[in-house]
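None of the figures in this text is laboratory data; all of them are computed from the coordinates on show. Predicted model, so just to flag it, every value in this text is computed and none were measured. So basically every Cβ, Gly included, is an ideal-geometry build from the backbone, and we count neighbours across all protein chains shown.
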Amino acid sequence: MMREMWALYVREMKHWYRIKIQIFMALIQPIVWLGLFGQSFNITGFFPPVPGFDPSTFLSGAPDYFSYMATGMLSVIALFTTMFAGMSLVWDRRFGFLTKLRVSPIARGIVPVSRMNSAVTRAIIQALIVLLIALGFAYIPGLIGLTLSPEFNLIDLLGMVLALVLLAVGFACLFISVALAVENQDTLFGLINLLNLPVMFASAALLPLAFMPDWLQAVAKVNPLTWAADACRTFAFHNANPIFPVWQEILFLGIFAAIMIGVSVFAARKLLK
Amino acid sequence: MAAIIEVKDLVKVFDGKIRAVDGITFDVQEGEIFGFLGPNGAGKSTTINMLVTLHRPTSGLAKVMGMDVVKEATKVRRVIGLVPQDLTVDDDLSGRENMILQADLYNVPKKDAVERINELLKLVKLEDAADRMVKTYSGGMRKRLELAEGLIHRPKILFLDEPTLGLDIQTRTIMWEHIRKLKQEHNMTVFMTTHYLEEADSLCDRIGIIDNGRIMALDTPATLKRSLGGDVIQMSIDDARDFTPQIQGVPGIVEVKKEGSEYRVKVIKGDTAMPAVLKAIIEAGGTVSSVSLQRPNMDQVFLEYTGRSLRDAEQAENSNRGERMARAMAAQRRR
Ligand SMILES: Nc1ncnc2c1ncn2[C@@H]1O[C@H](COP(=O)(O)OP(=O)(O)OP(=O)(O)O)[C@@H](O)[C@H]1O
Ligand SMILES: [Mg+2]
């Protein structure tokens, strides 16, 4: 079983790194966002420093909005990258590769799980690249960069990666399940878009909860993207006042990931008979 | 010999109304090359897809090596190979990478895999192109790669859905050789579909003629042809007189049809009857301006059992794909 899983994982990764433009496209968006919005909407820089007022109290410990947004962007990257896992499944159906998998004697669950693994790998690689770019902004004159807590260490980095992995697992499996159920590619693209933007905006990824109306806050609190973004900030800025304690956020993300794996394997067994 | 494929009253209805396969029953013996011959939309692919566990039958029973294709699908998948009509090779991998992936999916022992892959790539003459991306391959090369992939796990039964569609005559002949060789060397059973008459005729041990989801006839090519009742001598005699009585006087003549100066003479053994027929006409003072001998071919068999020629059947099918194939077939015939 490991062998088939690995073979399909390698195939997906080959597809990814051979199509250089795809990596480029996936990165360009967050970089543009970091560059444009992150820099221009750096709200904390609009006002002269007020004595006795610390912006980090409502930015989950981030010293400025750019740092706040850059850490949230890591989760957004994970979300956007995993969406390709669903799309590639639809291509495979279209170009017949899925037929090959269906006639082969592999366990059906291998189809979503191998795909999820490669999507998660890509998501983490891209998130780490974005992290480096955000840190690098500090060295460009006139721009502000991501400022981490002075005590930021390897454990914190691993904690961030763990939160992002769990988030990516959950969303990859979600998109794969949708792609298994929806055979038409236009319907799938529509559904993915329908899902992506609300998930992104109804979360603490780009905007602190305090700026949201109550009902949106309620939605954002059950949004896995919020858990991952907030956990990342707790690690990055050693934030003392997270939305939920970090262990809870990791636990919620773990449950989300586990349920979604279950759903995708179940969907594959039902739909790839 | 035991039946390696058993099919009983198999039916497939799509969307509640399209009866693609309409109650077919047949057996395939071990080591046999069994062919389904029929026009576009006859239900050939649908039948194969049910046997290879891709489609669930609406009703009826299908067993492969005694295993039910619905209830024991995974076991069936291990012993069969499929070369589907619509290709499934991965464009963004090289030929060799595709083969390795296939070997992994079928759990071919790692130490055997490399050797087998080289052997198979050679067999389908892709050894030089093996490390190129499949997207740079021609249609025929892809088809050959697909065949090689279908063989990597040494299946007991190979399902070939239109294996030579779109291949040139040379490649097609090579493909036929492979198929025959596989059968001989590995006692592999081959179930294939085609709408090339020559292919069915020269390759298959037995042929099922399928039309509108039903089997119209099923036998060896020789028997099917014999059932038509022999050869036809076609002659043109430029003479006002009717030579029918003289021709009928020759032993072995079954029937004589005259249309103007054209005569169609049905005989049991055309090659020996023809000189006698010509002699009779010349002795009666007639001049034969042209003569040809037609042996019964699969086209006539098809006509006999379905009431239309294969070419007409193809043209009746209105789908784009149907048209494309009919054109390809006509082009093939013109060569
Ligand atoms: N997935 C499907 N949904 C609905 N109808 C289908 C489906 N697959 C096949 N059919 C219909 O079933 C009939 C038989 O199709 P099938 O593909 O088995 O024909 P075929 O004999 O393989 O023809 P060809 O020579 O063109 O490959 C056709 O009328 C086709 O339109
Ligand atoms: Mg077909």
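Numerical summary
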quantity: Built amide H within the under 5 Å cut-off of residue B:29, gap 5+; calculated: B:4
quantity: Percentage relative contact order, chain A, counting C-alpha pairs under 8 Å, at least six apart; calculated: 28 percent
quantity: Per-residue ³J(HN,Hα) for region A:257-262, Karplus 6.51 cos²θ - 1.76 cosθ + 1.60, θ = phi - 60°, Hz, x for Gly and Pro; calculated: 4, 5, 4, 5, 4, x
quantity: Dipole of the protein assembly as shown [Lys/Arg +1, Asp/Glu -1 at C-beta], most positive-end residue of A:130, A:225, B:23; calculated: B:23
quantity: Pair residue B:271, residue A:54: separation of 7 Å Cα→Cβ label points (nm); calculated: 10.5 nm
quantity: CD proxy at 222 nm, helix term only [per DSSP H run n ≥ 4: -39500 (n - 2.57); per residue of chain B; nearest 500]; calculated: -12000 deg cm²/dmol
quantity: Listed residues A:61, A:106, A:146: farthest to the positive end of the dipole of region A:45-166 (Cβ charges); calculated: A:106
quantity: Per-residue mean of C-beta atoms belonging to partner chains within 10 Å, peptide B:104-111; calculated: 4
quantity: Amide H partners (placed H, <5 Å) of residue B:216, local residues excluded; calculated: B:209, B:210, B:211
quantity: FRET efficiency, residue A:201 to residue A:95 (Cβ-Cβ, R0 51 Å, nearest 0.05); calculated: 0.90
quantity: Rounded if a/c under 1.5, otherwise prolate or oblate - region A:156-239, Cα gyration tensor axes; calculated: oblate
quantity: Distant-in-sequence amide H partners of residue B:192 (H built 1.01 Å from N, under 5 Å); calculated: B:34, B:35, B:36, B:160
quantity: For B:86-99, mean number of other protein chain Cβ atoms within 10 Å; calculated: 4
quantity: Integer Hz, Karplus 6.51/-1.76/1.60 couplings in order for region B:20-31, x for Gly and Pro; calculated: 6, 10, 10, x, 10, 9, 6, 10, 10, 8, 5, x
quantity: Antiparallel DSSP beta bridges within the protein assembly as shown, as percent of all bridges there, nearest 5; calculated: 70 percent
quantity: Karplus (6.51, -1.76, 1.60) ³J(HN,Hα), θ = phi - 60°, over region B:76-92, in Hz, Gly and Pro reported as x; calculated: 4, 4, 5, 9, 10, x, 10, 10, x, 5, 9, 5, 10, 5, 8, 4, 8
quantity: Packing-based ranking, highest mean first, of A:245-251, A:88-94 given that Cβ atoms within 10 Å are counted; calculated: A:88-94, A:245-251
quantity: Cα-centred dipole magnitude for chain A, charges only on beta-carbon of K, R (+1) and D, E (-1), debye, nearest 20; calculated: 1480 debye
quantity: Estimated 222 nm signal from helices in chain A, with DSSP H stretches of n ≥ 4 weighted -39500 (n - 2.57), rounded to 500; calculated: -23500 deg cm²/dmol
quantity: Relative contact order [Cα under 8 Å, 6+ residues apart], region B:115-170, whole percent; calculated: 38 percent
quantity: Length-normalised contact order of region B:229-295 in % [C-alpha pairs under 8 Å, at least 6 apart]; calculated: 48 percent
quantity: Average beta-carbon neighbours from other chains, 10 Å sphere, peptide B:24-34; calculated: 0
quantity: Cα→Cβ-extended label distance, 7 Å offset, between residue B:111 and residue A:217, nm; calculated: 6.8 nm
quantity: Nearest-0.05 FRET efficiency for residue B:78 and residue A:135, computed from C-beta distance (R0 41 Å); calculated: 0.20
quantity: Cα-projected label distance for residue B:118 with residue B:14, points at 7 Å along beta-carbon direction, nm; calculated: 4.4 nm
